[in-house]
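**Q** Quick one: the structure is below, and I'll ask about it shortly.
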Amino acid sequence: MKEPREGGPHAAGAVLDALLARLGKPEQARLARLWQNWSMVMGPDIAPLAWPLGHRNTTLLVGGEDAMVMQELSMLAGEILERANAFMDAPFFTDVKVSLALGKNPLDSIAAVPETRRRPVPEAGPPPAGSRLAEMDPQSPVARCYARFAGKSPGVPVSPEDHSL
């Protein structure tokens, strides 16, 4: 019979921190805590704009939604650097690199990107192939090519010379 565990279940974050500390990577544990507490560290004025994307050596990688936000984050780079290093209790980062967060999931969210951070998806897709065929001159080589692409009849017989398109 198995002996009962002492202390009950443990939080995954605490277990991960202990594991990384034992593996000799305490800075990785601190980084994981920074990503988890990003909104608290950056505050309500910066956190909605600056999304943590990771780090490369001593450079903190921050993403923004568009060019205007990137410009604003570039101006706030010193403040972002100061807040991140204060949370890390050491001058861990020396620089902040701001880039577009196109399709990248920020590290402060475990699930998919929240609704407020998603770009709107157009409702209607492209028109179906061949929908413009009726508007085209059936004698033109472009119309014949487009008809073949769409798998439709252009309304004109295809001659052997047309196979060289």
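The values are calculated or read from the model by the stated rules, or taken from the named source; none is laboratory data. The structure displayed is predicted, hence computed values, not measured ones. A quick note on method: Cβ atoms are made from the backbone with ideal geometry, for glycine too, and the neighbour counts reach across all protein chains shown.
**Q** Here are 92, 87: which of them is more than 21 Å from the chain's Cα centre (by Cα) and in a helix (DSSP H, G or I)?
**A** Sole residue among the options that is more than 21 Å from the chain's Cα centre (by Cα) and in a helix (DSSP H, G or I): 87.
**Q** Of all helices (runs of 4 or more DSSP H) completely enclosed by the stretch 1-57, which ones contain at least 3 residues that are out of contact with any His (no Cβ under 6 Å at 6 or more places or on another chain) and modelled with pLDDT of 90 or more?
**A** Correct list: 38-46.
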